[in-house]
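**Student:** Got a structure for you, written out below as structure tokens; questions coming shortly.
The values are calculated or read from the model by the stated rules, or taken from the named source; none is laboratory data. These figures come from a predicted structure and were not determined experimentally. Neighbour counts run over all protein chains shown; Cβ positions are idealised from the backbone, glycine included. In case anyone asks, the SASA skips ligands and DNA or RNA and just uses the protein heavy atoms, side chains included. Shrake-Rupley method; radii C 1.70, N 1.55, O 1.52, S 1.80 Å.
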Amino acid sequence: MMRTLLVRGMLAGLVAGVLATLFAYFFGEPSVDAAIGLEGSAAHSHSAPEAHEHAPEEEELVTRGVQSTVGLLTGVGLYGVAVGGLFSLAFAFVYGRLGTLRPRVTAALLAGGAFVVVFLVPFLKYPGNPPAVGQAGTIGSRTSLYFGFVALSLLVGILAAAFGRKLADKLGAWRGGLIAAGGYVVLIGVAAALLPTIDEVPDGFPGSTLWSFRLASVGTQVVLWTALGLAFGALAEKALGRKDTVRVS
């Protein structure tokens, strides 16, 4: 059964990745193109005219057209497959431990919680930036801080879920869930306040371009996690059966 869920999770992740790619292409790529244009204009204006006359043009290893189509599909698709596999493992762990919820409902709740904990909360602290935003020398530190906060958010989320499950037995599901969610918000809020803030948006960068890029980033993840939860829920329900309440672990 675990193998069946893993395969279906990867398949659902592939479907979610394709849908997220389409969203990112139509709503995210225009802001990326605009940012690249601004970056090129800034580099051209700050270089000496003589350098443009004698310097040979650098040949692109991968064209922008390939990056925005095949490259985007490959990257997001592989990400979706990987996330789908991990999602199926998490589903196998929690299924049956949340009461007698149907697989569709369990998958939907898990996808919603994962979207908030894995993406939304870290994104609010360290939002993504388009090209021309950020300094080359801080890429390592920015990446470390972001993924470190993702790991911290995931750890606190797991602890809050476990704590809330125990409280639900004593106080009821509603009260236990509220207390657990409140504890997560408090702990992660303190951690976010203590971690350094990174703001490298250059002066004069169009706010509309930055806003469009970040909004598209959030939208892409919404499509990915929504499609993953719905697709995997349907596939898992077929595998487990609607009346199956046996714990998969």
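**Student:** At 37 °C and 0.692 mPa s, what whole-number value in µm²/s does Stokes-Einstein give for the translational diffusion of the range 78-222, with Rh from the Kirkwood sum over Cα pairs? Kindly include the intermediate steps, with their values, before the conclusion.
**Tutor:** Numbers: Rh = 17.2 Å.
Translational diffusion coefficient: 191 µm²/s.
**Student:** For the range 146-188, take N as its residue count and report Rg(C-alpha) divided by 2.2 N^0.38 Å. Write out the running numbers ahead of the final one.
**Tutor:** On the way: Rg = 11.0 Å, N = 43, 2.2 N^0.38 = 9.2 Å.
Dividing the Cα radius of gyration by 2.2 N^0.38 Å gives 1.20.
**Student:** A further question follows. Alpha carbon centre of the range 160-224 versus the range 66-123: separation in Å?
**Tutor:** Distance between centres, Cα-based: 16 Å.
**Student:** I'd like the orientation of helix 72-94 relative to the chain: the angle between its Cα long axis and the longest Cα principal axis, in ° from 0 to 90, rounded to 10.
**Tutor:** Roughly 20 degrees between the two axes.
**Student:** Grab every C-alpha pair in the range 118-192, bin the distances at 5 angstrom width from 0 up to the longest one, and report whole percents.
**Tutor:** All Cα pairs considered, the percentages come to 3, 16, 21, 18, 13, 11, 7, 5, 3, 2, 1.
**Student:** When you have a sec, figure out the Kirkwood radius of the range 186-245 from all distinct Cα pair distances and drop it here in Å to one decimal? Let's see the in-between values first.
**Tutor:** Working: mean 1/r = 0.0636 Å⁻¹.
When all Cα pairs of the range 186-245 are included, the Kirkwood radius is 15.7 Å.
**Student:** Largest first and in whole Å, what are the equivalent-ellipsoid semi-axes of the chain based on the Cα gyration tensor, each being the root of 5 times an eigenvalue? Present the calculation step by step, with values, prior to reporting the outcome.
**Tutor:** On the way: eigenvalues 332, 106, 33 Å².
They are 41, 23, 13 Å, listed from largest to smallest.
**Student:** When the accessible area of the range 104-249 is split by element with a 1.4 Å probe, what percent falls to carbon and sulfur?
**Tutor:** Values: 5690 of 8270 Å².
Summing carbon and sulfur atoms, their accessible area is 69 percent of the total for the range 104-249.
**Student:** A follow-up question, please. Can you give the angle from 0 to 90° between the axis of helix 29-46 and the longest principal axis of the chain, with both taken from C-alpha atoms, to the nearest 10?
**Tutor:** Roughly 30 degrees between the two axes.
**Student:** Sticking with this structure for a sec: How many Å² of accessible area per residue for the chain, probe 1.4 Å?
**Tutor:** About 59 Å² of surface per residue is accessible.
**Student:** Hey, in the GNM for the chain with a 10 angstrom Cα cutoff, which one of Val32, Val62, Val201 fluctuates hardest?
**Tutor:** In the Gaussian network model the winner is Val62.
**Student:** A further question follows. Taking the Cα-to-Cβ direction at Leu215 and at Arg175 and moving 7 Å from each Cα, how far apart do the two end points lie in nm?
**Tutor:** Between Leu215 and Arg175, the simple spin-label model gives 4.3 nm.
**Student:** Highest GNM mean-square fluctuation, the chain, Cα pairs closer than 10 Å: which of Arg97, Arg214, Arg64?
**Tutor:** Arg64
**Student:** Okay, next question. Mind checking the angle between helix 207-240 and the chain's longest principal axis? C-alpha axes, 0 to 90 degrees, to the nearest 10.
**Tutor:** That helix lies at roughly 30 degrees to the long axis.
**Student:** Given the options Val218, Val70, Val156, which has the most mean-square fluctuation in a GNM of the chain, springs set between C-alpha atoms less than 10 angstrom apart?
**Tutor:** Taking springs between Cα atoms under 10 Å, the residue moving most is Val70.
**Student:** Which is the longest stretch in the chain that no exposed loop site breaks, taking sites as GluC sites (Glu not before Pro) with a DSSP loop state and at most 12 other Cβ atoms within 10 Å? Kindly include the intermediate steps, with their values, before the conclusion.
**Tutor:** Values: sites that count: Glu57, Glu58, Glu59, Glu60, Glu200.
Counting at most 12 other Cβ atoms within 10 Å as exposed, the longest clean stretch of the chain is 61-199.
**Student:** Related question: Charges on Cβ only, +1 for Lys and Arg, -1 for Asp and Glu, centred on the Cα centroid of the chain; of Gly17, Ile179, Gly37, which one is farthest towards the dipole's positive end?
**Tutor:** So the residue furthest toward the plus end is Ile179.
**Student:** Of Leu6, Gly65, Leu167, which is farthest on the positive side of the dipole of the chain, counting Cα position, with +1 on Lys and Arg Cβ, -1 on Asp and Glu Cβ, and the Cα centre as origin?
**Tutor:** My answer, from the dipole projection, is Leu167.
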